[in-house]
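J.: Take this structure, written in structure tokens, and hold onto it; I'll ask about it next.
The values are calculated or read from the model by the stated rules, or taken from the named source; none is laboratory data. Bear in mind the structure is a predicted one, so any value in this text is a computation, not a measurement. Cβ atoms come from the backbone with ideal geometry, glycine included; neighbour counts cover every protein chain shown.
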Amino acid sequence: MSDAAEIALLKRMGKAVAEARRAQGMSQTQLADRVGVSRFTVLNLERGHRSVGAGTVLRVAQALGLFAGSPLHGALSDSPSPTVPKPFLNP
């Protein structure tokens, strides 16, 4: 995957996480507490920064109920990553 494609994927994924969090009426701090990370980590994820690990992304997705068929799935399914388990990507 090219750097440009990776950046675009991270931004789409971050946008999907932010939209899902807002739709549930949850603050970044509340989501961070639920996942066990800092608010800064959630902020980085929502901004599409590379500093957020795959494990954190998956824990956030679980906390928000984002699985196959969800907005996060749509963000990820365009460019599957070997670090994301197939059940998460494929309905």
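J.: Where residues in segment 36-52 are among the small types (Gly, Ala, Ser), at pLDDT 85 or above and surrounded by fewer than 14 Cβ atoms within 10 Å (Cβ to Cβ), which of them is farthest from residue 6 (Cα to Cα)?
T.: It comes out as 36.
J.: While we're looking at this one, here's another question. Is it the case, given these coordinates, that residue 50 is in contact (Cβ under 8 Å) with a residue 40 or more places away in the chain and more than 11 Å from the chain's Cα centre (by Cα)? Please lay out each step first, then the result.
T.: Working: in contact (Cβ under 8 Å) with a residue 40 or more places away in the chain: yes; more than 11 Å from the chain's Cα centre (by Cα): yes.
Criteria met by residue 50.
J.: Related question: Of all residues in segment 53-78 being loosely packed, with under 14 Cβ neighbours inside 10 Å and modelled with pLDDT under 55, which is nearest to residue 7 (Cα to Cα)?
T.: 78
J.: What are the residue pairs meeting all of these: first residue in segment 19-46, first residue of a type in the set (Val, Ile, Thr), second residue surrounded by 15 or more Cβ atoms within 10 Å (Cβ to Cβ) and not in a helix (DSSP H, G or I), Cβ atoms under 9 Å, and 6 or more apart or on different chains?
T.: 37/52; 41/52; 42/52
For (1) among the aromatic types (Phe, Trp, Tyr); (2) closer than 14 Å to residue 61 by Cα; (3) touching a helix residue (DSSP H, G or I) at 6+ places or on another chain (Cβ under 9 Å), each residue gets a yes or a no:
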residue	(1), (2), (3)
1	no, no, yes
5	no, no, no
8	no, no, no
18	no, yes, yes
22	no, yes, no
32	no, yes, yes
37	no, yes, yes
40	yes, no, yes
45	no, yes, yes
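J.: For segment 19-35, which positions are buried (at least 19 other Cβ atoms within 10 Å of the Cβ), within 12 Å of residue 66 (Cβ to Cβ) and of a type in the set (Gly, Ala, Ser)?
T.: Residue satisfying the conditions is 20 alone.
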